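*Asks:* Input: one structure, supplied below.
No value in this document is a laboratory result; all are computed from the given coordinates. On a predicted model such as this, the values are computed, not experimentally measured, just so you know. Cβ sites come from the backbone with ideal geometry, for glycine too, and all protein chains shown count toward neighbours.
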Amino acid sequence: MTYPTQPEASHFIDGAYVEDDSGAALPVIYPATGETIADLHAATPALIDRALAAAKRAQPAWAAMTGTERGRILRRAADIMRERNRALSELETKDTGKPLQETLVADATSGADALEYFGGLAATLSGEHIQLGDDFIYTRREALGVTVGIGAWNYPTQIACWKAAPALACGNTMVFKPSETTPLCALKVAEILKEAGLPDGVFNVVQGYGEVGAGLVEDERVAKVSLTGSVPTGRRVYAAAASGMKSVTMELGGKSPLVIFDDANVEDAVSAAINANFYSTGQVCSNGTRVFVQDGIREAFLARLSERLGGVKMGDPLDEATNFGPMVSARQREIVEGFIARGREEGARLVAGGGRPTGMSDENGYWVEPTVFADVTDEMTIAREEIFGPVMSVFGFATEEEALERANATIYGLSAGVFTRDLARAHRFVGKLQAGSCWINTYNLTPVEAPFGGMKMSGVGRENGQVAIEHWSQLKTVYVAMGEVEAPY
Ligand SMILES: NC(=O)c1ccc[n+]([C@@H]2O[C@H](COP(=O)([O-])OP(=O)(O)OC[C@H]3O[C@@H](n4cnc5c(N)ncnc54)[C@H](O)[C@@H]3O)[C@@H](O)[C@H]2O)c1
Ligand SMILES: C[N+](C)(C)CC=O
Ligand SMILES: [K+]
């Protein structure tokens, strides 16, 4: 099967597709050609209200089902997603420009993993019993209520599922707003959940720009907001949620370090640096864009990296042989090119890339070459700011202490990696890294079993793993008295 790129309508509310042409135009662009592949509309205030009302109405009955019943629906949806992985991946590729080689293994598949994992966990939700003499206390793990998910554009299906799966497992309902840049696949997630038996109103999708997100966050019916996006947006959303005393999960940006010691396996370290910088054309929050290579192997590392970049294959993202796609949008390419120019101006040494690839269309596809800067210093703009594109900065270092201090010298704390054959050093080092996800001798693996999220400015809360349940539910404490009630008078 193939999904048409134009969906039946822009929004999915209360179990059905809904359109309102009076909403702002939201064209969907295929980043490899610049072609408009769908015309959607942003949600109007009336549609936002309709979605939240549907979620509010559906929530009590959804929460009243047993966890086993809720989980069965999520697991059925996981199976359907896997059966349709190719069609979903093709649609994701058209929406994001990411090569099909990637979307086939990292998007709907990861979404299905989350639905399966939290579908399984749904039946395990429980409280505790605390005996106090004859009296006792028990706790109930309850849903939060109506929740809002807001997505970034790099992993649209995955983000929708990483939020919806634990939210729904816990008995919440959700209104999800995809990124305006990649709005298509969340609608398919909604369709599939419905097909799997999800009651109407439990998962709704509304499209729109930032103000639609803001409208959702500010609504008093909403108990929790989970955002995947940039730090500036995170600040705004967290502040708006705080004034309504809402819970939040913030999955934000990063400028993560990848530290490679002299004793590392250079071939593996180069592979990891490639995965940590050029996968999804560098549009990955957890990317290890600050690559610290110890002095003894730095030139060998750079030489081997340059050779390995000969294996980059740009081209039609729908061709499974293509392993590097365009940037998601003209705007994002402009931002990345601005950073590359700054890197040059500030004196970093360009080792690879740095421009638009020859032979690829300049006007339409938003192409940028995989770019490597060496001799980068900690003060340079490219060393400090999240670029969100295929730009690797390579730094030298002499000692473990120095590497640790410089790795942590950032406002961000999403991820970090260390390569060494000395495992005592590896554990000692990650013990002191200020990052939510650390990898030893690999990079960027984010299975759903692993809690994922940021320290410092990179976020609040965790997605995935069992701990996500705590972020999508609340505890009620019940004290039960077995005797008479004493009072002073
Ligand atoms: N930690 C993670 O899991 C993770 C994953 C992917 C991307 N990211 C981060 O996301 C960023 C790139 O994505 P982006 O450019 O789409 O981010 P963005 O912050 O521009 O937008 C994210 C989402 O927030 C919405 N939004 C914007 N203003 C809003 C407001 N005032 N209220 C409510 N919603 C609002 C947008 O419409 C979009 O849906 C990068 O910084 C990247 O690191 C983080
Ligand atoms: C969560 N992750 C790393 C797969 C995608 C973030 O951009
Ligand atoms: K798009």
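*Asks:* Output the number of the condition that residue 396 fails; it satisfies all remaining conditions of (1) outside any strand (DSSP E or B); (2) over 24 Å from the mean Cα position of the chain (by Cα); (3) over 27 Å from residue 99 (Cβ atoms).
*Replies:* Failing condition for residue 396: (1).
*Asks:* Can you tell me which residues in region 445-460 are of a type in the set (Val, Ile, Thr) and either part of a loop (DSSP other than H, G, I, E, B) or within 16 Å of ligand 3 (Cβ to nearest atom) (or both)? Don't jump to the end; show me each part of the working.
*Replies:* So the first thing to find is which residues in region 445-460 are of a type in the set (Val, Ile, Thr), and the list is 446, 448, 460.
Listed by number, the residues that qualify are 446, 448.
*Asks:* If you don't mind, there's one more thing I want to ask. Taking the options 287, 265, name whichever one is more than 16 Å from ligand 3 (Cβ to nearest atom) and surrounded by fewer than 19 Cβ atoms within 10 Å (Cβ to Cβ). Give the steps one after another, and end with the answer.
*Replies:* Values: 287 fails: surrounded by fewer than 19 Cβ atoms within 10 Å (Cβ to Cβ).
Going through 287, 265 in turn, just one is more than 16 Å from ligand 3 (Cβ to nearest atom) and surrounded by fewer than 19 Cβ atoms within 10 Å (Cβ to Cβ): 265.
*Asks:* Do we find that residue 299 is farther than 15 Å from residue 31 by Cα, outside any helix (DSSP H, G or I), away from ligand 1 (no atom under 16 Å from the Cβ) and of a type outside the set (A, V, I, L, M, F, W, C) in this structure? Walk me through how you get there before you give the answer.
*Replies:* Values: farther than 15 Å from residue 31 by Cα: yes; outside any helix (DSSP H, G or I): no; away from ligand 1 (no atom under 16 Å from the Cβ): yes; of a type outside the set (A, V, I, L, M, F, W, C): yes.
Criteria not met by residue 299.
*Asks:* Also, quick follow-up: Restricting to region 457-475, name every residue that is touching a residue at least 12 places away in the same chain (Cβ under 8 Å) and away from ligand 1 (no atom under 12 Å from the Cβ). If you could, list the steps in order and put the result at the bottom.
*Replies:* First, pick out the residues of region 457-475 that are touching a residue at least 12 places away in the same chain (Cβ under 8 Å): 457-469, 471-475.
The answer is 465, 466, 467, 468, 469, 471, 472, 473, 474, 475.
*Asks:* For region 49-144, give me every one of the helices (runs of 4 or more DSSP H) that falls completely inside it and has 1 or more residues that are within 16 Å of ligand 2 (Cβ to nearest atom) and among the β-branched types (Val, Ile, Thr).
*Replies:* Working: elements: 67-83, 85-96, 100-106, 108-121.
In region 49-144, the matching helices (runs of 4 or more DSSP H) lie at 85-96, 100-106, 108-121.
*Asks:* Considering 277, 323, which residue is within 18 Å of residue 348 (Cβ to Cβ) and either away from ligand 3 (no atom under 16 Å from the Cβ) or surrounded by fewer than 17 Cβ atoms within 10 Å (Cβ to Cβ) (or both)? Quick ask: steps written out before the conclusion?
*Replies:* Numbers: 323 fails: within 18 Å of residue 348 (Cβ to Cβ).
277 is the lone residue from the list that is within 18 Å of residue 348 (Cβ to Cβ) and either away from ligand 3 (no atom under 16 Å from the Cβ) or surrounded by fewer than 17 Cβ atoms within 10 Å (Cβ to Cβ) (or both).
*Asks:* Where residues in region 206-219 are surrounded by 24 or more Cβ atoms within 10 Å (Cβ to Cβ) and part of a loop (DSSP other than H, G, I, E, B), which of them is nearest to ligand 1 (Cβ to nearest atom)?
*Replies:* Restricting to residues being surrounded by 24 or more Cβ atoms within 10 Å (Cβ to Cβ) and part of a loop (DSSP other than H, G, I, E, B), the top hit is 208.
*Asks:* Scanning region 148-205 for residues that are within 16 Å of ligand 2 (Cβ to nearest atom) and assigned to a strand (DSSP E or B), which turns out nearest to residue 474 (Cα to Cα)?
*Replies:* This residue is 149.
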